[in-house]
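Note sheet for the following structure.
Computed from the coordinates by the stated procedures, all read-outs in this text should not be read as laboratory data. Quick caveat: nothing in here was measured; it's all calculated off a predicted structure. FYI the Cβ positions are ideal-geometry reconstructions off the backbone, even for glycines, and counts take in every protein chain you see.
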Amino acid sequence: MKALLRLGSSFLIVALFCSFDKPAPPEGFRAILNGKDLSGWYGLNPHAGVKLEGEKKAANLKQQREDFAKHWSIENGELVNIGTGPYATTEEAFGDIEFLIEYKTVAKADSGIYMRGTPQIQIWDHHQVFDPAKPDRKPHLGSGGLFNNTPNTPGRDPLVLADKPFGEWNQFRIRQIGARTWVWLNGQLVVDGNVMENYWDRSQPLPAKGPIMLQTHGGEIRWRNLFVREIGAEEATKILAEADAKK
């Protein structure tokens with residue numbers, strides 16, 4: 001009997017351990033990180049090769065893919081990077097979606113989320129002191145703003161400071177419909193349906209589809225519970241109509 005109890009306890013411990021690694025998406029969502037390995041992701045810093053062409057560009061992209069696993073890893077179901085290397089990029093391209101993601105970072109780190117391969121929903125260390133010599137850089141206002149938009153335009157800076165203290169997990173809920181972006185950080189609305197500018201060519205709208213990219217530099221960042229829900233045309237039209245009616 002004691003042997004059976006020990007065996008049963010062992011199975012329970014294993015089951016609990018395994019459950020931590022397995023993502024559990026909310027109804028209607030699917031996981032885009034399996035919590036076990038880097039499947040479905042590759043390395044890409046688009047800024048590193050933007051001016052390259054032909055064979056040089058191809059070689060650069062190949063090298064970034066090869067370097068990906070040197071800088072990124074999975075620990076306890078979390079996607080981890082110490083602040084170096086190419087960005088974690090989905091093999092899959094996404095259009096209109098709702099995206100849930102949690103992150104935890106450290107002091108002085110700098111990060112962000114690229115939607116459709118375009119920068120970015122910003123993640124700051126909000127303890128940084130505002131520097132009047134750099135008036136367009138406002139980390140003290142907090143994370144979640146569309147930092148690469150034109151300064152002083154709607155959505156460029158977050159509506160409220162919603163960051164949690166270092167050591168705690170933050171959660172983004174991001175809704176992307178066309179070029180319009182909504183961002184909730186820890187349950188608080190920080191970007192309200194504003195246009196995300198096409199950083200690569202501001203004369204053009206945001207691409208119809210593109211990868212999700214997790215930027216990293218300056219310090220460790222951890223990501224977990226990455227869940228996506230596709231938004232169909234009918235729902236997208238309804239959301240946009242309701243948003244425009246509020247203006």
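Side notes on the structure shown:
- Any hit, region 170-187, residues being touching a Phe, Trp or Tyr at 6+ places or on another chain (Cβ under 8 Å), free of Cβ contacts under 8 Å to residues at least 40 places away in the same chain and among the aliphatic types (A, V, I, L, M): no
- Screening region 51-81 for residues that are of a type in the set (S, T, N, Q) and either assigned to a loop (DSSP other than H, G, I, E, B) or in contact with a His (Cβ under 7 Å, 6 or more places away or on another chain) (or both) and picking the one that is nearest to Pro211 (Cα to Cα) gives Asn81.
- Looking across region 159-210, just one residue is surrounded by fewer than 19 Cβ atoms within 10 Å (Cβ to Cβ), of a type in the set (Lys, Arg) and under 19 Å from Lys246 (Cβ atoms), and that is Arg173.
- Scope region 78-117; condition among the polar types (S, T, N, Q) and more than 12 Å from the chain's Cα centre (by Cα); matching residues: Asn81, Thr84, Thr105
- Count of residues meeting criterion [under 15 Å from Glu78 (Cα atoms) and assigned to a strand (DSSP E or B)] in region 217-247: 7
- Test: residue in region 82-89 that is in contact with a strand residue (DSSP E or B) (Cβ under 8 Å, 6 or more places away or on another chain), under 30 Å from Ile231 (Cβ atoms), not in a loop (DSSP other than H, G, I, E, B) and not basic (Lys, Arg): yes
- Lone unmet requirement of (1) within 19 Å of Leu141 (Cβ to Cβ); (2) among the aliphatic types (A, V, I, L, M); (3) in a loop (DSSP other than H, G, I, E, B) for Ala208: (1)
- For region 50-87, a residue qualifies if it is touching a helix residue (DSSP H, G or I) at 6+ places or on another chain (Cβ under 7 Å) and more than 29 Å from Lys104 (Cα to Cα), and exactly one does: Leu52.
- Scanning region 147-154 turns up at least one residue that is closer than 18 Å to Ile221 by Cβ and out of contact with any helix residue (DSSP H, G or I) (no Cβ under 6 Å at 6 or more places or on another chain).
- Among the conditions (1) farther than 28 Å from Ala179 by Cβ; (2) among the small types (Gly, Ala, Ser); (3) surrounded by fewer than 18 Cβ atoms within 10 Å (Cβ to Cβ), Gly85 misses just one, which is (3).
- Elements of type strands (runs of 3 or more DSSP E) in region 94-181, at least 1 residues being out of contact with any Lys or Arg (no Cβ under 8 Å at 6 or more places or on another chain) and among the small types (Gly, Ala, Ser): 110-115
- Verdict on Asn152 being of a type outside the set (Gly, Ala, Ser) and touching a strand residue (DSSP E or B) at 6+ places or on another chain (Cβ under 9 Å): no
- Among residues of region 98-136 being small (Gly, Ala, Ser) and either in contact with an Asp or Glu (Cβ under 9 Å, 6 or more places away or on another chain) or closer than 15 Å to Arg156 by Cα (or both), the one that is surrounded by the fewest Cβ atoms within 10 Å (Cβ to Cβ) is Ala107.
- For region 105-151, filtered to residues that are among the basic types (Lys, Arg) and touching a residue at least 12 places away in the same chain (Cβ under 8 Å), the residue that is farthest from Pro207 (Cα to Cα) is Lys108.
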